[in-house]
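The values are calculated or read from the model by the stated rules, or taken from the named source; none is laboratory data. This one's a predicted model, so the numbers in the text were calculated from it and none came from an experiment. Counting neighbours? That spans all protein chains shown, and the Cβs are built from the backbone with ideal geometry, glycine included.
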Amino acid sequence: DLLKVNAEIFVKQGQAINHYAADDVRVFVVGNPCNTNALITLSHAPDIPNDRFFAMTTLDELRAKSQLAKKAGVAVSDVKKVIVWGNHSSTQYPDYHHATISAQPVTAVIKDEDWLQTTFIHT
């Protein structure tokens, strides 16, 4: 089970951070499921304030941007302000409502609301 393997890794990381990290450390967790992995890490670093830990859904954000760019026929770099809420996989929600494509709202460029609400959200 991937979660069990990840837990063992992030327990060790949390312990090492707790023991060796500088007083002003900031910890960015990017491995999926990043929210769960960040929680495991901070739980094993009791001397580090919780507000120093961050979970970054970079991989999922890039996937969402790639899907929007492909549908719009533009470069991924033209897609901005995509937000991915939640954790990884079925618990995440890629939010295009604040996103832009070539400085325009996503819905002004991709007029296929059905695709946005189904294919995009569910993949």
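Does at least one position in the range 111-121 carry a residue that is at pLDDT below 95, closer than 22 Å to ALA38 by Cα, surrounded by 11 or more Cβ atoms within 10 Å (Cβ to Cβ) and of a type outside the set (Gly, Ala, Ser)? No, the range 111-121 contains no residue that is at pLDDT below 95, closer than 22 Å to ALA38 by Cα, surrounded by 11 or more Cβ atoms within 10 Å (Cβ to Cβ) and of a type outside the set (Gly, Ala, Ser). Residues that are surrounded by 14 or more Cβ atoms within 10 Å (Cβ to Cβ), touching a Pro at 6+ places or on another chain (Cβ under 7 Å) and over 20 Å from VAL29 (Cβ atoms) do not occur anywhere in the range 87-105.
Of the set (1) closer than 30 Å to HIS19 by Cβ; (2) assigned to a loop (DSSP other than H, G, I, E, B); (3) of a type in the set (Val, Ile, Thr), all apply to THR41 but (2).
If you take the residues in the range 20-38 that are assigned to a loop (DSSP other than H, G, I, E, B) and within 12 Å of the chain's Cα centre (by Cα), which one is surrounded by the fewest Cβ atoms within 10 Å (Cβ to Cβ)? For the range 20-38, the residue satisfying everything is VAL30. Summed over the range 1-39, residues that are within 26 Å of GLU61 (Cα to Cα) and touching a strand residue (DSSP E or B) at 6+ places or on another chain (Cβ under 9 Å) total 15. Can you confirm whether GLY73 is of a type outside the set (A, V, I, L, M) and more than 13 Å from the chain's Cα centre (by Cα)? In short, yes. Between ILE110, ILE48, ILE83, the distinction of being under 30 Å from ASP24 (Cβ atoms) and not assigned by TED's automatic domain parsing to the domain that holds GLY14 belongs to ILE83 only.
Figure legend. Inter-residue proximity from the range 101-117: first residues farther than 10 Å from VAL79 by Cβ, second residues among the basic types (Lys, Arg), beta-carbon distance below 7 Å, spacing 6+ or different chains. Indicated pairs: ILE110/LYS71; TRP115/LYS71.
Among residues of the range 28-50 that are closer than 24 Å to SER90 by Cα, those with a beta-carbon under 9 Å from a residue that is part of a loop (DSSP other than H, G, I, E, B) and of a type in the set (A, V, I, L, M, F, W, C) at least six positions away or on a different chain give the pairs PHE28/MET56; VAL29/MET56; VAL30/MET56; CYS34/MET56; ASN37/VAL30; ALA38/MET56; LEU42/ILE48. Listed by first and then second residue, the pairs linking a residue in the range 4-22 that is assigned by TED's automatic domain parsing to the domain that holds ILE48 and within 11 Å of ASN37 (Cβ to Cβ) to a residue that is at pLDDT 95 or above and in a helix (DSSP H, G or I), with Cβ atoms under 6 Å apart and 6 or more places separating them unless they lie on different chains, are ALA7/ILE40; PHE10/ILE40; PHE10/THR41; GLN13/THR41; GLY14/THR41. Against the conditions (1) at pLDDT 95 or above; (2) assigned to a helix (DSSP H, G or I), HIS97 satisfies every one except (2). For the range 70-77, the count of residues that are in a helix (DSSP H, G or I), over 22 Å from GLN117 (Cα atoms) and at pLDDT 95 or above is nonzero.
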